[in-house]
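Chemist: Next up is a structure, given as structure tokens.
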Amino acid sequence: MRMATWHRERDLLPPVRATSRASSVALGHGSWPGSWRCRLQISAFFGVANGSFDTLVENVIVPRIQAQLEIHRGKPDAAVQTLAPAQAYEDGIWFQTHVLRGNAYLASGKPGDGVQEFRKFLARQTLQLFSFQWTLAQLGLARAAAAQHEATNARTAYQDFFALWRDADPDIPILKEAKAEYAKLQYPPRGAPSATVEGRARSPQFQ
């Protein structure tokens, strides 16, 4: 049930993005919470009647979707703020928010905070063994460590990520990016810090 809800949340992103863009043009601004069409669409998708949200959808699902939109728009600080209501649920089964917040911190140039978020998520792996978020969190940890110029920790984190994806298609864009970033750690340009990686998080759902 939890995985089903997560996949529904992920699948909802493309239509909500389209509705959000249309609403922004029509209303003359990009304030997604003010877009009643987006909220009605989410209500219908999750089976909530009359556009009213239950507590979980209002405080967890909607903030996550909005935060991913904010990251995609280049507003990671706004994404972090948007995720504030979800913090009350992170001690339970809805702790995937740590990965999204970690990506937002990384994109906003705060890799230290990102490391903490990724580690919080990875420390609870036994709770959801088959979530695709584990590999994304591992990659986020590697990128955050590299952004802090912690070469040894970054190399280890990248190696752990590659181990998780050892059977993956080598042409997957995010895997190719990770290999290129890892190569920079192994062979940094002359005069460059020992660990360099672009401190900009990517939201996998939009790749």
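Chemist: Any residue in segment 167-184 that is assigned by TED's automatic domain parsing to the domain that holds Asn153 sitting within a Cβ distance under 7 Å of a residue that is surrounded by 11 or more Cβ atoms within 10 Å (Cβ to Cβ) and part of a loop (DSSP other than H, G, I, E, B)? List the pairs, counting only those 6 or more apart or interchain.
Modeler: Final answer for the pair search is Leu175/Trp165; Leu175/Ala168; Glu181/Val197; Lys184/Thr196; Lys184/Val197.
Chemist: In segment 106-118, how many are part of a helix (DSSP H, G or I) and either free of Cβ contacts under 8 Å to residues at least 60 places away in the same chain or more than 19 Å from Glu90 (Cα to Cα) (or both)?
Modeler: 9
Chemist: Any residue in segment 196-205 that is at pLDDT below 85, closer than 20 Å to Ala67 by Cβ, in a loop (DSSP other than H, G, I, E, B) and basic (Lys, Arg)?
Modeler: yes
Chemist: For residues that are without any contact (Cβ under 8 Å) to a residue 24 or more places away in the chain and part of a helix (DSSP H, G or I), tally how many sit in segment 64-105.
Modeler: Total satisfying the criteria: 5.
Chemist: Out of all the residues in segment 100-116, which are touching an Asp or Glu at 6+ places or on another chain (Cβ under 6 Å) and surrounded by fewer than 24 Cβ atoms within 10 Å (Cβ to Cβ)?
Modeler: Selection gives Ser108 alone.
The values are calculated or read from the model by the stated rules, or taken from the named source; none is laboratory data. Keep in mind the model is a prediction, meaning the values are calculated, not measured. All Cβ positions, glycine included, derive from the backbone under ideal geometry; neighbour counts span all protein chains shown.
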